[in-house]
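S.K.: Supplied in structure tokens, the structure appears directly below.
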Amino acid sequence: QVQLVESGGGLVRPGGSLRLSCAASGFRFSRYAMSWYRQAPGKERDLVATITRAGGSTNYADSVKGRFTIFRDNAKNAVYLQMHTLKPEDTAVYYCRADSFIPGVGPIAGWGQGTQVTVSS
């Protein structure tokens with residue numbers, strides 16, 4: 001049902017920028033809050049940023065505030081993560097996540113497969 005495909009990852013130098021994209025299909029995109037998570041080797045998967053269904057509110061991890069921006073385009077069924085001033089500690093696999101709640105069913109969520117971001121000189 002919920003299909004999420006991340007793209008845009010790669011190798012970038014410290015201080016550089018990347019834009020990650022998440023293409024969604026198989027569900028009513030505008031009814032889902034969207035988030036970006038990341039997971040570095042040997043570490044837990046952590047929330048990076050989240051955005052509400054209409055894009056009216058966002059939230060960021062302290063480690064990325066002022067550097068990353070999450071935004072969505074409901075007409076394109078896509079959510080993005082614009083990353084600036086990248087640091088080596090940003091190196092991780094970045095995952096897209098969709099969350100909603102269906103009355104009579106309960107919460108529903110889906111994950112993308114992830115895209116690798118490596119920040120290194």
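The values are calculated or read from the model by the stated rules, or taken from the named source; none is laboratory data. All values reported here derive from a predicted model rather than from experimental measurement. Here the Cβ is made from the backbone with ideal geometry for all residues, glycine too, and neighbour counts use every protein chain on show. Heads up: the accessible areas ignore ligands, DNA and RNA and are worked out on the full protein's heavy atoms, side chains in. Shrake-Rupley method; radii C 1.70, N 1.55, O 1.52, S 1.80 Å.
S.K.: When the accessible area of the chain is split by element with a 1.4 Å probe, what percent falls to carbon and sulfur?
M.R.: Numbers: 3140 of 6530 Å².
Carbon and sulfur together cover 48 percent of it.
S.K.: Just reorder PHE68, PHE101 by solvent-accessible area, largest first, 1.4 Å probe, all chains present.
M.R.: On the way: PHE68 5, PHE101 135 Å².
In descending accessible area the options line up as PHE101, PHE68.
S.K.: Within a Cβ distance under 14 Å of MET83, other residues only, what is the Lys/Arg minus Asp/Glu net charge? The partial results should precede the final answer.
M.R.: Numbers: positive: ARG13, ARG19, ARG38, LYS65, ARG67, LYS87; negative: GLU6, GLU89, ASP90.
The answer is +3.
S.K.: Please give, to one decimal in nm, the separation of the simple spin-label points placed at SER121 and ALA23, each 7 Å out from Cα toward the Cβ.
M.R.: It works out to 3.6 nm between the two label points.
S.K.: Which is the longest stretch in the chain that no exposed loop site breaks, taking sites as trypsin sites (Lys or Arg not before Pro) with a DSSP loop state and at most 14 other Cβ atoms within 10 Å? Can you show the working numbers first?
M.R.: Working: sites that count: ARG28, LYS43, LYS65, LYS76.
With a cap of 14 other Cβ atoms within 10 Å, the longest stretch comes to 77-121.
S.K.: So, in nm, how far is label HIS84 from label ASP46 when the simple model puts each one 7 Å beyond its Cα toward the Cβ?
M.R.: Going by the 7 Å Cα→Cβ label model, 2.2 nm.
S.K.: Taking a label point 7 Å from the Cα of THR58 along the Cα→Cβ vector, which residues of the stretch 28-43 have an amide N closer than 15 Å to it?
M.R.: Residues 34-37 qualify, since their backbone N sits under 15 Å from the label point.
S.K.: Something else now. Express the relative contact order of the chain as a whole percentage, based on alpha carbon pairs under 8 Å and six or more residues apart in sequence.
M.R.: Working: 296 pairs, mean separation 43.3, N = 121.
The normalised contact order for the chain reaches 36 percent.
S.K.: Sequence neighbours fewer than 8 away in the same chain don't count; with that in mind, list the lysines whose C-alpha is under 29 Å from LYS87.
M.R.: List returned: LYS43, LYS65.
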